[in-house]
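Just so you know, all these numbers are worked out from the coordinates, no wet-lab data involved. Just so you know, these numbers come straight off a predicted model, no measurement behind them. When we count neighbours, we look across all protein chains shown, and the Cβ atoms used for this are built from the backbone with ideal geometry, even at glycine.
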Amino acid sequence: MVKITFIEPDGTEKHVEASAGISLMEAATRNGVQGIAAECGGQCSCATCHVYIEGDFFEQVGPPEGDEEDMLDFSDSRQANSRLGCQVPVSDEYSGMVVRVVGDDG
Ligand code: FES
C-alpha cells in the first residue's frame, strides 16, 4: 500500500493508504476525502478532481498532457503543479506524497 496525505480545501489532512494502480481520485474518494466531486467518474472531462502535487513529487508524476492539459487550461485555479487526480495512477514510488485538493469544482 502507498501512503498518501490529502489536504482538503479547508486544510484538514487525511492520511490514506492506496493500492498502486488506482488513480489519486479513486484513492481520495474511496477514503472520504472532501473536495473531489469526480463528476465525470474519471473520464477526464469535468476537472472536479483537480489537485496540486506538492513538493518534489510533481516531477516524479510529470506534467499533464493532451486532454488533461486542455481541461486544466479552463481552470482559474491552475498552478504549475496542477494535475487531474483521475489521470494520475498511484505508484509504489509515491509513498509519502502530499496532494492538495483544490475543491470548488476545480
Ligand atoms: S473525475 Fe472528471 S476529470 Fe477527473
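The table below lists the values:
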{"quantity": "Residues (small (Gly, Ala, Ser) and part of a loop (DSSP other than H, G, I, E, B)) located in segment 58-87", "calculated": "Gly62, Ser75, Ser77, Ala80"}
{"quantity": "Residue list for segment 1-13, filter: within 13 Å of Gly103 (Cβ to Cβ) and either touching an Asp or Glu at 6+ places or on another chain (Cβ under 9 Å) or within 13 Å of the ligand (Cβ to nearest atom) (or both)", "calculated": "Phe6, Ile7, Pro9"}
{"quantity": "Every pair of residues 6+ apart whose Cβ atoms lie under 9 Å, when the first sits in segment 60-79 and is farther than 20 Å from Val90 by Cβ while the second is part of a helix (DSSP H, G or I) and aliphatic (A, V, I, L, M)", "calculated": "Arg78/Leu72"}
{"quantity": "Where a residue in segment 9-34 is free of Cβ contacts under 8 Å to residues at least 24 places away in the same chain and its partner, wherever it lies, is outside any strand (DSSP E or B) and of a type in the set (D, E, K, R), with Cβ under 9 Å and at least six apart", "calculated": "Lys14/Glu8; Val16/Arg30"}
{"quantity": "Matching residues in segment 88-106 - criterion: being in a loop (DSSP other than H, G, I, E, B) and of a type in the set (D, E, K, R)", "calculated": "Asp104, Asp105"}
{"quantity": "For Ser45: the one exception among (1) in a loop (DSSP other than H, G, I, E, B); (2) surrounded by 16 or more Cβ atoms within 10 Å (Cβ to Cβ)", "calculated": "(2)"}
{"quantity": "Among the candidates Gly55, Gly21, Gly35, residue that is in contact with a strand residue (DSSP E or B) (Cβ under 8 Å, 6 or more places away or on another chain), assigned to a loop (DSSP other than H, G, I, E, B) and within 14 Å of Pro9 (Cβ to Cβ)", "calculated": "Gly35"}
{"quantity": "The listed residue being under 16 Å from Tyr94 (Cβ atoms) and more than 13 Å from the ligand (Cβ to nearest atom), out of Ala27, Ala20", "calculated": "Ala20"}
{"quantity": "Single unsatisfied condition, Gly85 versus (1) of a type in the set (Gly, Ala, Ser); (2) loosely packed, with under 15 Cβ neighbours inside 10 Å; (3) within 23 Å of Val16 (Cα to Cα); (4) within 16 Å of the ligand (Cβ to nearest atom)", "calculated": "(2)"}
